[in-house]
Amino acid sequence: MTTTAPLARLDATTSDTMPTIESTGGRAQFFQSFDGAYIRSAHWPAPEAPGRGGVLILPGRTEFIEKYLETVAELQRRNLAAWVLDWRGQGASERILPAAYKGHIDVFSDYLTDLNIFATEALRGWNQGPLHILAHSMGSNIGLHFLHDHPGMIAKAIHIAPMICVPARGGIVTLMSRIIAESGCAVGLGARYVPGGHGYGLRERRFAANPLTKDEERFWRTHAYIDNDPTLATGPPTLAWLRAGMRSGAALLKPAYAQAISTPSLLICAGDERVVNNRAIYKLHRIGLPGARIEIIPGSRHEILGEQDHIRAIFWSLFDDFTSAAVS
C-alpha cells in the first residue's frame, strides 16, 4: 500500500513552505447552505484504490481546515479518504457578524443543517468502505446530534474531548453562565462577547498559559497559518453562542435522546482537560450511547490531535484498535 508521510513539523517562520490543502493532495470547495451562507469544505481521496473507507472530520470551535492537515496525513497513511468542514462563522466559511472575529451562532441547529446539506451532497453514493466520524470538542456536540438523526449512516464515531457541557467547571459557574447568557440574549445582547471576551489577539498567542496543548511547535503552527491568512482567526464566543452551546449540550444529556444514539462510539477524554467538562462526558456515557467505549489519555490537554507525539501515539493506537474491530 502506498503511504503518505506525516506532515512535517514546522516553525512559524516558514509560512512560505507551509503545507496547504492542495499541496497535500486535497481539494477545497464551497457550498451554499440553507440561508445562502458559503461553507468551505475539503476532500482527500484515499491514496490507493480500493481505500479502507472514509473519515468525516468535524473540528472544534475556532478551528479551520488547515489545522487538520497533519490528521489528514495520518488518515492517508491508513489509506482512508477524508473530508473536513469549516463551520459557519469560522475558518474560511462565511462569517455571521460584521465583527468577524466573534465566535457567534444563534442556534446549534444551524451547524447541524450545514452538516446535513454537506453530507447529502458530498457523501451521496459513497461505496468505498465504511464511513467514520472523527470529531473534536464542539464538532462532537454537533456530530452526536447528527448521529441521533441519521442512525446507520456512520459505521463508527470517535469523539475527542467532546463538548457536552460548557464551561469546564460545574456548579455555580455553569449556573451563572447560563443566567448571563440567557438574560443577555433576552435583552438583545446576544452578539456581544461573553464577559472578558475580545477579538483574536495576544491572549490566544501565549503558549505558557494555553489550555489546548503542551506541544509548542504545533501550537505555533496554528498561529503561523493565521499569520499567513488572518481571516482564519476566530476569537472568543458571544453570549448567543454560549446560550446555544448550553442548550445543545442539555439536549444530549436527556437519557431518551442519548440512548437513541446507536452508532458505535469511542469517547476520548484529555487527562489535563481545561476547556470542556469531563464529568459531563462520563455522564453522557453512563446514561446513553449504547455500546460506547470511553478512554482517558493521561497528561493530555484539550487538543489531543495537536499534542506531543507520545500522546498522539496513544490516540492513534486507540483509533486503529476501534476502527479495525468488527461493527456489532
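The set of residues in segment 77-94 being out of contact with any helix residue (DSSP H, G or I) (no Cβ under 8 Å at 6 or more places or on another chain) and over 18 Å from Leu58 (Cα atoms) consists of Arg77, Asn79.
Only a single item in (1) in a loop (DSSP other than H, G, I, E, B); (2) closer than 19 Å to His148 by Cβ is not met by Asp114, and it is number (1). Checked against the criteria, His148 does not count as under 26 Å from Tyr225 (Cα atoms) and either out of contact with any strand residue (DSSP E or B) (no Cβ under 9 Å at 6 or more places or on another chain) or among the β-branched types (Val, Ile, Thr) (or both). Taking the criterion of being outside any loop (DSSP other than H, G, I, E, B) and within 15 Å of the chain's Cα centre (by Cα), would at least one residue in segment 92-102 satisfy it? Checked against the condition, which is being outside any loop (DSSP other than H, G, I, E, B) and within 15 Å of the chain's Cα centre (by Cα), segment 92-102 yields no hits at all. Against the conditions (1) in a loop (DSSP other than H, G, I, E, B); (2) touching a helix residue (DSSP H, G or I) at 6+ places or on another chain (Cβ under 6 Å); (3) buried (at least 17 other Cβ atoms within 10 Å of the Cβ), Phe207 satisfies every one except (3). Screening segment 273-318 for residues that are within 17 Å of the chain's Cα centre (by Cα) and of a type in the set (Lys, Arg) and picking the one that is nearest to Lys254 (Cα to Cα) gives Arg274. Candidates Ile65, Ile105, Ile57: the one that is surrounded by 20 or more Cβ atoms within 10 Å (Cβ to Cβ), of a type outside the set (Phe, Trp, Tyr), under 25 Å from Thr323 (Cα atoms) and touching a Pro at 6+ places or on another chain (Cβ under 9 Å) is Ile65.
Cβ-Cβ distances below 9 Å connect the following pairs, each with a first residue in segment 112-131 that is on the phi > 0 side of the Ramachandran plot, a second residue that is aliphatic (A, V, I, L, M) and crowded, with 16+ Cβ neighbours inside 10 Å, and a separation of six or more residues or different chains: Gly129/Ala46; Gly129/Leu80; Gly129/Ala81; Gly129/Ala155.
Looking at segment 281-304, which of its residues are within 14 Å of Leu144 (Cα to Cα) and either modelled with pLDDT under 95 or not hydrophobic (A, V, I, L, M, F, W, C) (or both)? Result: His285, Gly288, Pro290. What's the total number of residues in segment 275-309 that are farther than 12 Å from His159 by Cα, among the small types (Gly, Ala, Ser) and in a loop (DSSP other than H, G, I, E, B)? Of the residues in segment 275-309, 4 are farther than 12 Å from His159 by Cα, among the small types (Gly, Ala, Ser) and in a loop (DSSP other than H, G, I, E, B).
The residues in segment 249-266 that are surrounded by fewer than 24 Cβ atoms within 10 Å (Cβ to Cβ) and touching a residue at least 12 places away in the same chain (Cβ under 8 Å) can be counted, and the count is 12.
Return the total of residues in segment 192-228 being charged (D, E, K, R) and touching a residue at least 40 places away in the same chain (Cβ under 8 Å). Of the residues in that region, 7 qualify.
Being of a type outside the set (Phe, Trp, Tyr) and out of contact with any Cys (no Cβ under 7 Å at 6 or more places or on another chain) is the filter here; which residues of segment 277-293 pass it? Listed by number, the residues that qualify are Arg279, Lys283, Leu284, His285, Arg286, Ile287, Gly288, Leu289, Pro290, Gly291, Ala292, Arg293.
Surrounded by fewer than 19 Cβ atoms within 10 Å (Cβ to Cβ) and within 20 Å of Tyr111 (Cβ to Cβ): does that describe Ala191? Considered against the rule, which asks whether it is surrounded by fewer than 19 Cβ atoms within 10 Å (Cβ to Cβ) and within 20 Å of Tyr111 (Cβ to Cβ), Ala191 comes out as yes. So which residues in segment 135-178 are assigned to a loop (DSSP other than H, G, I, E, B), out of contact with any helix residue (DSSP H, G or I) (no Cβ under 9 Å at 6 or more places or on another chain), modelled with pLDDT of 85 or more and over 16 Å from Arg301 (Cα atoms), if there are any at all? Passing the criteria: Pro151, Gly152. Scanning segment 59-89 for residues that are in a strand (DSSP E or B) and either within 12 Å of Phe118 (Cα to Cα) or at pLDDT below 95 (or both) yields Trp83, Val84, Leu85. Note on segment 212-263: residues that are under 30 Å from Gly188 (Cα atoms), over 18 Å from the mean Cα position of the chain (by Cα) and in a loop (DSSP other than H, G, I, E, B) amount to 2. Considering segment 68-102, and only residues there that are hydroxyl-bearing (Ser, Thr, Tyr) and within 20 Å of His43 (Cβ to Cβ), the residue that is surrounded by the fewest Cβ atoms within 10 Å (Cβ to Cβ) turns out to be Ser93.
Restrict the check to segment 185-195 and report whether at least one residue is not aromatic (Phe, Trp, Tyr) and not in a loop (DSSP other than H, G, I, E, B). Yes: one or more hits.
The values are calculated or read from the model by the stated rules, or taken from the named source; none is laboratory data. Not measured: the values here are computed from a predicted model. So basically every Cβ, Gly included, is an ideal-geometry build from the backbone, and we count neighbours across all protein chains shown.
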